[in-house]
Amino acid sequence: MLDVPDPETGKRRRKWHTFHGTKRQAETECARLIAELDGGSYIEPSKTTVREFLVEWLKHEKSNVSPKTHQRYEELMLKNVAPILGSVTMNKLTAARIDGTWAKLLEDGRRDGKGGLSPRTVHHCRRVLLAAMEQAVTWDLLKKNPVAATRPPKVEKKAMKAFTAAQTAELFEAFRTTRMFIPAILAIMCGLRRGEIAALRWGNVDLGSNGERSISVVQSAEYTKEGVRYKETKNSRARTVALSATVVEELNRHRIAQAQEQLRLGMRPDDDSFVVAQVDGSPLVPISLTHEWSRLLAKTSLPKIRFHDLRHSHATQMLAAGVHPKIASERLGHSTIAITLDLYSHVMPGMQANAAEQVDAAIKAAKKPAVE
C-alpha cells in the first residue's frame, strides 16, 4: 500500500499494489515504488488497455501524418498488433510480451489464416508501435518505452531488378500501341514515381516552347479510403527533370493524340489536364498503373519486374553510363545523395575502376618528359 498524492487536489490517497512473490521480493518491490514516489518518477498503474491507448494515439496522429500514412498505421496497429496485445493493460506491457507478438505475427499473423506476415511488415509494426509507446511515455502513461528493448525481425534486402538498355528498347516496341507506353516512358526515362506520374499535368510539362525541355514534379497522387488525393512529392521537395529528345518527341505525339481523343468527346484539354488519364480525361487511381503494367508485361518475353523497378532501371542505366550520382539523386528526387549511393552501390564498382584509370591517365599526361 502506498500513499499517493492526488495531482489535482494535492491530498494523499491510498493505492494498493498487488505483487506475486516471496515476502522479501515484496519488500524490495515496495522499496522501489517508494523510491520512485519520492523521486517523482512514479506512474500510477492504469486500467487502460493497449487497444484503448492505440485508438487514442491514432486520433492524436491524424493531424500529424498524411491520410494514407494514417490509414497504414491503423492497419498495422488495430488489425495486426491489437488482436494479440490489445487486452493487456499498459502497466503490464513488457518487452518479453512484445517480442512474443513479433514471433506470433511472423508465424501466423495473416488475417486470412494462411501463414505469417513478412519480416518487413512486422518490422513496420514495430516501428509504429515504438512511436506510439514513445508518446505514452510523454503522456506519463509509461515510465519507459518497452518496445525499445525488443528486437526487430531481420529483413533481408532483396536484389534490385532493372532492365538493361536493350530490354528498354524491347519494352518500347512492345508497349508503343498501349496506354501504358507514356507511363513507362516517364518511369524508365525520367525516374518518376507511380504517384508522380498519376498526378502530372500538362501545365508542369515544358516541351521546348520556352527554350527548356523539362518536367516540374510538384505533386504525387495517393489512394485513400476517401478516394484519390494529391499531395506534395515524397520528402516534400519539388524537382525539375530534364527531358531527352526522345521523351519530348513521344510526349508531343501523345499530347496531340490525347487532345484529338478528348475533343471527340466534346472536351477541350488545357494545362490543368492530366498527362496520363482515362479516355475521358479523368485522373487515374495510381494502383491501376501497377495492374495494367503486370497484365501487359505478362504478354512479353521480358523479365517480370515491378512497375517501380522501371525507376530503378533509370537510375541504374544513368550510373552505369557514368552520370554523376549527385545528378542521378536530383533526377530521382532523393533527399540526400547518400540514399542514391546506398540503393545503387552495386553499380559503383565499375565506376570506381573507370575513375581510377582516368586519374592514372591524367597524372601520366601531366608528367614532364625526361631530359636526355
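The values are calculated or read from the model by the stated rules, or taken from the named source; none is laboratory data. Given the structure is predicted, the values throughout are model-derived calculations rather than measurements. Cβ placement follows ideal geometry from the backbone for every residue including glycine, while neighbour counts extend to all protein chains displayed. The area values use the complete protein model at the heavy-atom level, side chains included, leaving out ligands, DNA and RNA. Shrake-Rupley method; radii C 1.70, N 1.55, O 1.52, S 1.80 Å.
Placing a label point 7 Å from the Cα of ALA165 along the Cα-to-Cβ direction, the residues of the stretch 187-224 whose backbone N falls under 15 Å of that point are 189.
To the nearest ten degrees, helix 95-108 and the longest principal axis of the Cα atoms of the chain are 50 degrees apart. Taking 1.002 mPa s as the viscosity and 20 °C as the temperature, the Stokes-Einstein diffusion coefficient of the stretch 92-142 based on its alpha-carbon Kirkwood radius rounds to 181 µm²/s. What do you get when you divide the Cα radius of gyration of the stretch 175-254 by 2.2 N^0.38 Å, with N the number of residues? Scaled against compact globular proteins, the figure is 1.12.
Once the C-beta distance of ARG295 and LYS23 is scaled by a Förster radius of 56 Å, the resulting FRET efficiency is 0.20 to the nearest 0.05.
Which of LYS104/LYS157; LYS68/LYS326; LYS59/LYS104; LYS79/LYS143 have a Cα-Cα distance over 24 Å?
LYS68/LYS326; LYS59/LYS104; LYS79/LYS143
In Å², what does the accessible area per residue of the chain work out to with a 1.4 Å probe?
I get 59 Å² per residue for this part.
Normalise the Debye intensity by I(0) for the stretch 228-326, one equal point scatterer per Cα, no solvent, then take log10 at q = 0.20 Å⁻¹ and round to two decimals. The calculated log intensity ratios at q = 0.20 Å⁻¹ are -1.41. Using θ = phi - 60° in the Karplus curve 6.51 cos²θ - 1.76 cosθ + 1.60, the 3J(HN,Hα) couplings for the stretch 250-260 round to 5, 5, 4, 4, 5, 5, 5, 5, 5, 5, 4 Hz; x is entered for Gly and Pro. Mean residue ellipticity, 222 nm, helices only, the chain: the sum of -39500 (n - 2.57) across DSSP H runs of n ≥ 4, divided by residue count and rounded to 500, is -14500 deg cm²/dmol.
Each peptide in 232-239, 104-111, 305-312 gets a packing score, the mean of other Cβ atoms within 10 Å over its residues, and the list from highest to lowest is 305-312, 104-111, 232-239.
Across the alpha-carbon set of the chain, the Rg to Rh ratio works out to 1.12, Rh being the Kirkwood radius.
With N the number of residues in the stretch 136-217, Rg(Cα) / (2.2 N^0.38 Å) evaluates to 1.91.
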